[in-house]
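Here is the structure we will look at, set down as structure tokens.
The values are calculated or read from the model by the stated rules, or taken from the named source; none is laboratory data. If you're wondering where the values come from, they're calculated on a predicted model, not measured in any experiment. When we count neighbours, we look across all protein chains shown, and the Cβ atoms used for this are built from the backbone with ideal geometry, even at glycine. For the accessible areas, the whole protein counts, side chains as well, though only heavy atoms, and no ligand, DNA or RNA atoms are used. Shrake-Rupley method; radii C 1.70, N 1.55, O 1.52, S 1.80 Å.
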Amino acid sequence: MLKRVHFRPSLLPYLLVAPQIAITLVFFIWPAAQALYQSLLSQDAFGLSTKFVWFANFQALFADPFYFGTIKRTFMFSFLVAGLSMGLALLLAAMADRVIKARLAYQTLLIWPYAVAPAVAGALWMFLFDPTLGIGTYFLRGFGIDWNFRLNGGQAMAVLVFAAAWKQISYNFLFFLAGMHAMPRSLIEAAAIDGAGPARRFMTIIFPLLSPTTFFLLVVNLVYAFFDTFGIVHAVTKGGPGKDTEILVYKVFNDGFVGLDLGGSAAQSIVLMVIVIALTVIQFRYIEKRVAY
């Protein structure tokens, strides 16, 4: 007969999680609560007068057709960044997984770009495609392409997408490579014995087994494109030319710190936070279903 074991109450678990709880409260809960409160206020540029206006800032926000254009532009930018960075990372992971000699050296070189700060990554790509000095511009003009991203909105968006995707490739590469290493090699070897080539083995065995990792990285990359690309946009285009590269996170900064519309900027930050929370909930629901299955 098994005896019931009783454990004494201990403060140790609470002490261990206390630093993380404190960080969450100070750097997420409190700023989110402040943003929600300020989104219900109308303030002058100097903060000398404040008026409680309830949801007037949100009404004005959703009545602005330019804001819906920014939302559309942000989703397009985010999916382009996620698709490009994940596609290239998957290709590099598949190639690195087949390397036998100097495998560690190849993997280390592919991981390095993740250590670059977003603003530095944006500055690198800005100099590469600078209209007058960029080496990338020199090669493009050699092919007859008139390149000037400072005047062409489509070209400016392309530079931002390439810079943001390049910054994220290393992160995706790590997860894809780890997923490939976790696969049972017997399945791949059996397929090779049956005559399946590398491409067929990848499409029928490797890629389906990577579907949980792929979905996880899709959500992470979308969140990255929504939030962590501010430094890239600020370093390369500052939302220009015109408003062609102004995404949601940069519009929050531009309207709040430049235009001094504090209430409207806070309302935009709440909308952006709701979008990201929704993406996170979708991710966790998918993980729960996979675990239950």
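Here VAL258 passes the criteria (1) surrounded by fewer than 19 Cβ atoms within 10 Å (Cβ to Cβ); (2) touching a helix residue (DSSP H, G or I) at 6+ places or on another chain (Cβ under 8 Å); (3) of a type in the set (Val, Ile, Thr) except the one numbered (2). When every residue of the stretch 276-287 is checked against the conditions, none turns out to be polar (S, T, N, Q), within 23 Å of PHE129 (Cα to Cα) and open to solvent by 10 Å² or more (accessible area, probe 1.4 Å). Annotation note: Cβ proximity below 6 Å between a residue of the stretch 204-223 that is under 14 Å from ALA182 (Cβ atoms) and a residue that is open to solvent by less than 40 Å² (accessible area, probe 1.4 Å) and among the small types (Gly, Ala, Ser) (sequence gap 6+ or interchain) occurs for ILE205/ALA191; LEU210/GLY179; THR213/GLY179.
Provide a single number: the residues in the stretch 113-154 that are open to solvent by less than 50 Å² (accessible area, probe 1.4 Å) and without any contact (Cβ under 8 Å) to a residue 24 or more places away in the chain. Residues flagged as open to solvent by less than 50 Å² (accessible area, probe 1.4 Å) and without any contact (Cβ under 8 Å) to a residue 24 or more places away in the chain within the stretch 113-154 amount to 8. Name the single residue that is farthest from GLN268 (Cα to Cα) among those in the stretch 69-95 being open to solvent by 100 Å² or more (accessible area, probe 1.4 Å) and free of Cβ contacts under 8 Å to residues at least 24 places away in the same chain. This residue is MET95. Here LEU48 clears all of (1) outside any helix (DSSP H, G or I); (2) touching a helix residue (DSSP H, G or I) at 6+ places or on another chain (Cβ under 6 Å); (3) not basic (Lys, Arg) except the condition numbered (2). Residues in the stretch 51-68 that are open to solvent by 50 Å² or more (accessible area, probe 1.4 Å), among the small types (Gly, Ala, Ser) and in a helix (DSSP H, G or I): ALA60 alone. The set of residues from the stretch 243-257 being in a helix (DSSP H, G or I) and either of a type in the set (S, T, N, Q) or more than 21 Å from LYS51 (Cα to Cα) (or both) comprises LEU248, VAL249, TYR250, LYS251, PHE253, ASN254.
So MET203 fits all but one of (1) farther than 18 Å from MET86 by Cβ; (2) of a type outside the set (Gly, Ala, Ser); (3) surrounded by fewer than 14 Cβ atoms within 10 Å (Cβ to Cβ); (4) modelled with pLDDT of 85 or more; what number is the exception? Only one criterion is unmet by MET203, namely (1).
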